[in-house]
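Take a look at the structure set out below.
The values are calculated or read from the model by the stated rules, or taken from the named source; none is laboratory data. Note that the structure is predicted; figures quoted are calculated from it, not measured. When we count neighbours, we look across all protein chains shown, and the Cβ atoms used for this are built from the backbone with ideal geometry, even at glycine. Quick note on the areas: whole protein, heavy atoms, side chains included, nothing else; ligands and nucleic acids left out. Shrake-Rupley method; radii C 1.70, N 1.55, O 1.52, S 1.80 Å.
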Amino acid sequence: MSGHSKWATTKHKKAIIDQRRAKSFAKLIKNIEVAAKIGGPDLAGNPTLQDAIQKAKKTSVPNDNIDRAVKRGAGLTGETIEYTTIMYEGYGPNGVALLVECLTDNKNRAAADVRTLMTRNGGTMADPGSVSYNFSRKGLIVVPQEETTEDDVLAAVLDAGAEEVQSEDDTFEIITEATDLVPARTALQEAGIDYNSADVAFVPHLKVEIDADTARKVFKLIDALDDSDDVQNIYSNFDISPDVRAQLEEDED
C-alpha cells in the first residue's frame, strides 16, 4: 500500500515528513537497484526498472541518485547488490489483516525487527498462509486526477486488461492482473495520461471498515513498521469511511 495508502493522507509535522521522505528515498533506490540487477539497465527492455524509476521521480528522488542506483544494481560500479524479498503475515488491532513485505540483505534482522515492532504496537504475527489467502497479487497503477477524468482513464485501459478503476482521494487506482500491468501502463502512455506509479501489489478480496479508534491504532502500527529500513511495502484489508477520515483529520488540527 505504500505510496497510495489511506494513512499517507494524514498530516504530519515537517520534521516527520522530512524523516519519512529520506526513508522513502532509500526504499525507492533499493527498488531501482533490484530491478536493474534482475533485468539490466536498459529501460526499453526492463519495464520493472522503468516503473521503479518513474515512481522515484514522482517522489522527487534526484536524477543523480537514480542513475547511480541503476549502475550499482546492474553491476557497472563493481558493487554487489544482494537483497532478499520476504513476506511476513500478521494482525493489527481488532484483527485487521497485514502483509509486511521486506526487501533486505539480512533476513534475521528483518524478522526480528518486524516481530518486535508488531508486538510493541498492538499487532501479532501469524503463520504463513493464514493471512495471505485473503489477498490476490494484482497490478496497481495510480493516476493523478488533476489532469484527466475517470472516463478518459477507463477508455485508455479497458481493453488493456484493467479489471477495475477506483477513485481514491485525488487519484484513480487501476487494478489489473499482475501479468496485465505493463500493457495497461503502456496503454496509458499511448493515451498521453500521466501516472504516479505502476506496481505489483497485494489487494484484499474483502475490505473491513474500521472506526476511528481502531484506525488510530492501526496507523500507529503501520507507521512503526514503515520506519524499518527493511520494510518495503505494507498491505492491509481495512477501509475508512468519509466520516472516520474526517475525525482523523480533526486529530491533526
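The table below gives the values:
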item	result
Filter pass, Tyr83 being open to solvent by 40 Å² or more (accessible area, probe 1.4 Å), closer than 17 Å to Lys27 by Cα, under 19 Å from the mean Cα position of the chain (by Cα) and in contact (Cβ under 8 Å) with a residue 12 or more places away in the chain	yes
Of all residues in the range 210-227 being closer than 15 Å to Asp243 by Cβ and not charged (D, E, K, R), the one that is surrounded by the most Cβ atoms within 10 Å (Cβ to Cβ)	Ala215
Any hit, the range 114-130, residues being at pLDDT 95 or above, in contact with a Cys (Cβ under 6 Å, 6 or more places away or on another chain), in a helix (DSSP H, G or I) and not charged (D, E, K, R)	no
Residues within the range 21-80 that are outside any helix (DSSP H, G or I), open to solvent by less than 50 Å² (accessible area, probe 1.4 Å) and among the aliphatic types (A, V, I, L, M), tallied	2
Residues within the range 209-253 that are farther than 23 Å from Leu117 by Cα and among the basic types (Lys, Arg), tallied	1
Pairs where the first residue, in the range 50-70, is under 12 Å from Lys27 (Cβ atoms) and the second is exposed (fewer than 15 other Cβ atoms within 10 Å of the Cβ), C-beta under 7 Å, 6+ apart	none
Selection from the range 150-209 of residues that are open to solvent by less than 20 Å² (accessible area, probe 1.4 Å), part of a helix (DSSP H, G or I) and either in contact with a strand residue (DSSP E or B) (Cβ under 6 Å, 6 or more places away or on another chain) or within 21 Å of Ala56 (Cβ to Cβ) (or both)	Val153, Val157, Leu181, Ala184, Arg185, Leu188
